[in-house]
1. Name the single residue, out of those in the range A:391-408 being within 11 Å of another protein chain (Cβ to nearest Cβ) and in contact (Cβ under 8 Å) with a residue 24 or more places away in the chain, that is farthest from residue A:159 (Cα to Cα).
2. So in the range B:284-300, with the set limited to residues that are in a loop (DSSP other than H, G, I, E, B) and among the hydrophobic types (A, V, I, L, M, F, W, C), which one is nearest to residue B:239 (Cα to Cα)?
3. When you scan the range B:301-321, how many residues do you find that are facing chain A (nearest Cβ under 10 Å) and assigned to a loop (DSSP other than H, G, I, E, B)?
4. Let me confirm something: among B:279, B:262, which residue is touching a Leu at 6+ places or on another chain (Cβ under 8 Å), away from every other protein chain (no Cβ under 14 Å) and within 29 Å of residue B:423 (Cα to Cα)?
5. What are the residues in the range B:149-200 that are more than 22 Å from residue B:314 (Cβ to Cβ) and part of a strand (DSSP E or B), if any?
6. Quick one: residue A:333 ticks every box in (1) closer than 16 Å to residue A:233 by Cβ; (2) modelled with pLDDT under 85; (3) of a type in the set (D, E, K, R) except a single one, so which number is it?
7. Please determine whether any residue of the range B:99-109 is modelled with pLDDT of 95 or more and farther than 20 Å from residue B:240 by Cβ.
Amino acid sequence: MSTIAAISTAQGEGGIGVIRISGENSAEIADKIFKSVSGKKLSEIEGYRALFGNIYKEGEVIDEAVALNFKAPHSFTGENVVELSCHGGVFITREVLSAVIDAGAVLAEPGEFTKRAYLNGKMDLTEAEAVMDLISAKSKSAARAAMYVKEGTLFKKSRAVKESLLTTAAHLSAWADYPEEDIPEVTDNSVLQSVKNSIDVLSKLLSTYNIGQAVKEGIDTVIVGRPNAGKSTLMNILSGVERSIVTSIEGTTRDVIEDTVVVGNVILRLSDTAGIRQTDNEIEKIGVEKTLKKIESASLVIALFDGSKPLTDEDISLIDKIKNVPSIAVINKTDLESNINTEYIIKNIENTVFISAKNEDNIDELRNIIEKLAGTENFDPSAGIIANERQKNAVKKAVDSLKEAESALKFGFTMDAVTVLISEAIDYLLELTGEKAGEEIVDRVFHNFCVGK
Amino acid sequence: MSYNAGKFDVAVIGAGHAGTEAALASARLGCNTIIFTINNDAVGNCPCNPSIGGTAKGHLVREIDALGGEMGKTADECFLQMRMLNRGKGPAVHSLRAQIDRRKYADTMKHKIELQENLILRQAEITKLEKSNNGEWLLTTRMDALFTAKAVIIATGTYLGGRIYVGETSYESGPDGIFPAKFLGESLKNLGLSLRRFKTGTPARVLKSSIDFTELEVQNGDEPPVPFSYDTDNLGENKVVCHISWTNPKTKQIIQDNIHRSPLYAGKIDGIGPRYCPSIEDKIVRFANKERHQLFIEPCGLDTEEMYLQGMSSSLPEEVQTEFYKSIKGLENVVIMRPAYAIEYDCVDPIQMDSTLEFRDCPGLYGAGQFNGSSGYEEAAAQGLVAGINAALKIQGKEPFILDRASSYIGTLIDDLVTKGVSDPYRMMTSRSEYRLVLRQDNADVRLTPLGRELGLISDNRWEKYTEKQELKKQEYKRIKNTVFSPTDELNKILVSRETSEVNTGVRMLDLLKRPQINYECLTSIDTNRPNIDSNIFEQVEIEIKYEGYIQKQLEQVEKMRRLEKKKLPNDVDYSTVTGLRLEAQEKLNKVRPQNIGQASRISGVSPADISVLLIWLSR
């Protein structure tokens, strides 16, 4: 059996998030991303022991954690189990899970831990009945999720890709299965085109995963501005005074602070950043680059300007950077004398608001604008987004198969290999929409082509 | 007056492609076997095209041969022309097809049956099939002879309740003017089998001397021709050519003007016809904007002037057939010798069977071929072989012989039939196999001959040849791994001519063969130490090297599938009592009664969540 992993605490707020890994290689997989302070390895220590250390993803520390080691059969599932207790909050637990998956674990199916626990004799018959209920309930909710997907844009988009791939696959099949019929020749180019188009559409779809997460777990929002423009103060106001009620992680290698805050009906995942300015200092350069990257990846940018001072070149270059992304220009310090010419800001950024962070003046206006922006299409959950890990995995596997098909075509491999890879991609797309792979290609052959003796 | 005519282990009803393979396999496995046919001259008859093999069907023939069946050898003995289809489209879809001498094929097969130890060929129509109180099968003939058997294999083809349609004319008949089996259907219904009507059709046979070949495109065979059977050493030369012609707007007009006279379009035929083998009127109606359709003119044998018009099957009235055939180039003065016709027949929904082709609710009763809802000689023979083997094994108290989807096209065919059922006659296609890079026609022996040997269908001689070949293959693989070519001008000239990059250091032959553009043939001049062995060995080695990554990927999928196949489901479950299954899944599972989790997962209407429920239920 494969080694599986999932977040096993309720998602959302909460002090601690637990990522459970179960299966033969649990400890080995955890060792790849967890380095204990003592230098001990999970795979080398006994069961019922804990280690404290850091979790790494792509070479960077993403969190501190306590790792609990359980050895088969003395665990919840009866298999080798590692539980990583990290700082709670959806963002960080998800990052840790994703690191565990990258290290070789498979994402657990709904109810799979319980199922394994039962299969390994860790539960009795009465409990087993409960498992049945649980699993059928899970599948019902999965069915509801599939229904939602079916009605939504995601379904339409993936269906369009599936249709186009089916047409190509049927053509390839007819061409191979009826070599002596009058079937139009399949050219490498036409197949390559179809494969490439599909990769494009699916890759775009894949990138919406982040938007989907944003809707569920907060809009990725970045606050930018010159040092001392009032970013930290604004962040504190939006977060509420007591910052301890929200998750806060201070990165050890980057100057980005994250907070999850609720503004009206909208959840924002706020990042405060290093100020943007020209610098020769290597370390500061890295900070600025990070900020610029963050602007590119953010769903919403709140740009803060010091109203008591004239616009600087840095301010202007910031405006140029953010004018094409959803952004709000906040002109701060209305409690001081205005020395700013706002013409360039208003010309380039649609939403502008004047506040005094210090006096908390006009903060409601800012909240309104945030809510308004969050309600626009940019954050519309029905706009064809990938909403969960399962959907993401299905699309990703489809893209992987298609990329393999693309390289097979480029290397000059024969069409039989290409056809198998395209069929595989179709199966993954059928999985995405909850349909079952079956006779689609064969049916299509007879529908589209006049073949037979 | 009924009389006792004899006791047998296995009785086979029908001696077409399914029946003959079934009877030969059963007899060869040591069972005392009898095979019934309505007409001894119809044994191994080819009532449709005079050819064996073709895409995916060629795979089936190779597999039948690898298991010790007879179709491949007989086709080789009677071949007129061999063609390997789909060269250039990749090894997975290479398919061998033989034009055969159809009378010679039938005679050869009949003679093999006659010579086979433990096997009796008997001309008789079976009119009644019942189970006696002691569990034996009782077969009654039209002449009231009573035969007893421990197992019965039904392979009635298009004979069971057969009815021919040509225009407004319709009458009860089997193919080629032979009696239909009129009474057996009633017995089968009494046994609880549900029957359905399917239909198929065949084009006209016409007189060779009435065709003007001068302007028709010629289709030659391969040089040298390749045999089906691993036993055939020397096939000899191709003996005939085929020709290609096309329909035209006039043909289309004639058919459209007379479409109301087609029994299908006039609503006279209820049977469901095959999608893959439509009549010419079907093609014209369904693909109305297609201006022309292709036809192949194929000789039926060396000692006959009858020619087969592949692509032109029809059930229009004779005079309309004559008129539209004559509108085709080359056929302007054509003389029809046998008109085209449609034939409707009784068959079963194969969902009532297990993967052994035994009816679940009638132990000891097996079905094969068109009776099971398939179509095609090769599909029939494949099922006949499996049914014959299993009937014998059961009588001998041995484990059943089940081929899974990853082992063969035969396994895929049977799994599709018994798991998904059929809504129209089932034809094998390469697109039906998800493991087609593994299930190639070139490696059928590697996949199946060891299984055939274990069963006892592979002779010592054949086995020796097989093991020797595997040894040579191993050596050849080693040789090309150790063969290093220097970066000579000669090598680079070859590489450039194949449009692939040059080398500037020494390169292993193995690495060169990984390139899609490079094959054994283009390296002949520099590969001076090449041994003189069967070219099939080079073929297999090259494919396995070139497609290694893809094959490996498929093998992993195979592993995954086989793990699920190993989780057996009991036969006597009432799935409506399994908590957690959705209603649709309960109904489907109760109907198909899958033998394992893998098979269950392929049933339409059974979701992955249902499979989880089954897995839990199973381990309780």
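1. Filtering the range A:391-408 for residues that are within 11 Å of another protein chain (Cβ to nearest Cβ) and in contact (Cβ under 8 Å) with a residue 24 or more places away in the chain, the one farthest from residue A:159 (Cα to Cα) comes out as A:405.
2. Looking only at the range B:284-300, we keep the residues that are in a loop (DSSP other than H, G, I, E, B), and these are B:287-293, B:300.
Next cut, among the hydrophobic types (A, V, I, L, M, F, W, C) only: B:287-288, B:300.
Working: B:287: 36, B:288: 38, B:300: 12 Å.
That would be B:300.
3. If we filter the range B:301-321 for residues that are facing chain A (nearest Cβ under 10 Å), which is where we start, we get B:308-313.
In the following step, the residues that additionally are assigned to a loop (DSSP other than H, G, I, E, B) were identified as B:311-313.
Counting residues in the range B:301-321 that are facing chain A (nearest Cβ under 10 Å) and assigned to a loop (DSSP other than H, G, I, E, B) gives 3.
4. Sole residue among the options that is touching a Leu at 6+ places or on another chain (Cβ under 8 Å), away from every other protein chain (no Cβ under 14 Å) and within 29 Å of residue B:423 (Cα to Cα): B:262.
5. B:149, B:150, B:151, B:152, B:153, B:154, B:160, B:181, B:195, B:196
6. Unmet condition: (2).
7. yes
This table checks each residue for (1) within 14 Å of another protein chain (Cβ to nearest Cβ); (2) surrounded by fewer than 24 Cβ atoms within 10 Å (Cβ to Cβ); (3) among the hydrophobic types (A, V, I, L, M, F, W, C); (4) in a strand (DSSP E or B).
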{"residue": "B:65", "(1), (2), (3), (4)": "no, no, no, no"}
{"residue": "B:68", "(1), (2), (3), (4)": "no, no, no, no"}
{"residue": "B:75", "(1), (2), (3), (4)": "no, no, yes, no"}
{"residue": "B:99", "(1), (2), (3), (4)": "yes, no, no, yes"}
{"residue": "B:104", "(1), (2), (3), (4)": "no, yes, no, no"}
{"residue": "B:109", "(1), (2), (3), (4)": "no, no, yes, no"}
{"residue": "B:120", "(1), (2), (3), (4)": "no, yes, yes, yes"}
{"residue": "B:139", "(1), (2), (3), (4)": "no, no, yes, yes"}
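The values are calculated or read from the model by the stated rules, or taken from the named source; none is laboratory data. Note that the structure is a prediction, hence the values are computed from the model and not measured. Heads up, the Cβs are rebuilt from the backbone with ideal geometry, glycines too, and the neighbour counts pull from every protein chain shown.
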